[in-house]
Amino acid sequence: MFSKPLHPRRALALVALLSASCVTGDYNQTRVFQPVPGEAVQSLEVGRSGLDEALASLGAPLQVIELGAGAALAWGWKESTDWNVTGSASIGSVRGRLQFADAALQFPGVVLFFDGEWTLVAKEKGFLSELLLRPQLPRFVEDDSSPAAGA
């Protein structure tokens with residue numbers, strides 16, 4: 001680990017630091033939702049497949065986003081392992097803390113885009129944070145009972 005011998009004072013300081021500190025760690029396995037079958041996504045044809053076929057093949061989506069007259073439906077999953085280590089030490093009246101986590105924040109998934117007739121117009125696979133647009137306000141729907149509607 002060290003390329004040259006450790007000076008006795010440094011070795012003593014290192015031993016004192018480690019004996020006055022507390023180090024904890026954990027290992028986690030996370031599984032959220034199930035990946036969608038690749039062949040189910042491939043079987044959906046752009047320009048031909050409809051919403052009912054997509055739902056029958058993939059199940060309920062995690063998110064639905066209105067896009068003008070159409071919509072984007074997202075399916076996602078996560079399967080990962082994470083290491084977390086936390087250390088703290090007191091040296092005199094000074095207390096320090098160090099934390100390390102390697103948790104993956106990416107959430108892979110599939111997004112299907114449908115037009116106003118609920119026909120599939122595009123499909124994308126990747127990380128949901130990159131595929132999904134920021135939420136938009138719902139589009140304005142005119143009230144049929146307003147005077148302008150009868151004109």
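Below are the figures for this structure:
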read-out	value
Where THR24 falls short, out of the listed (1) under 13 Å from PHE113 (Cα atoms); (2) of a type in the set (Val, Ile, Thr); (3) modelled with pLDDT under 90	(1)
Any strands (runs of 3 or more DSSP E) falling wholly within region 37-97 and containing at least 2 residues that are open to solvent by 30 Å² or more (accessible area, probe 1.4 Å)	63-67, 78-91
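The values are calculated or read from the model by the stated rules, or taken from the named source; none is laboratory data. Note that the coordinates shown come from a computational prediction; the quantities given were computed from them, not determined experimentally. Ligands, DNA and RNA are stripped out before the accessible areas are found, and what is left, the full protein with its side chains, is counted by its heavy atoms. Shrake-Rupley method; radii C 1.70, N 1.55, O 1.52, S 1.80 Å.
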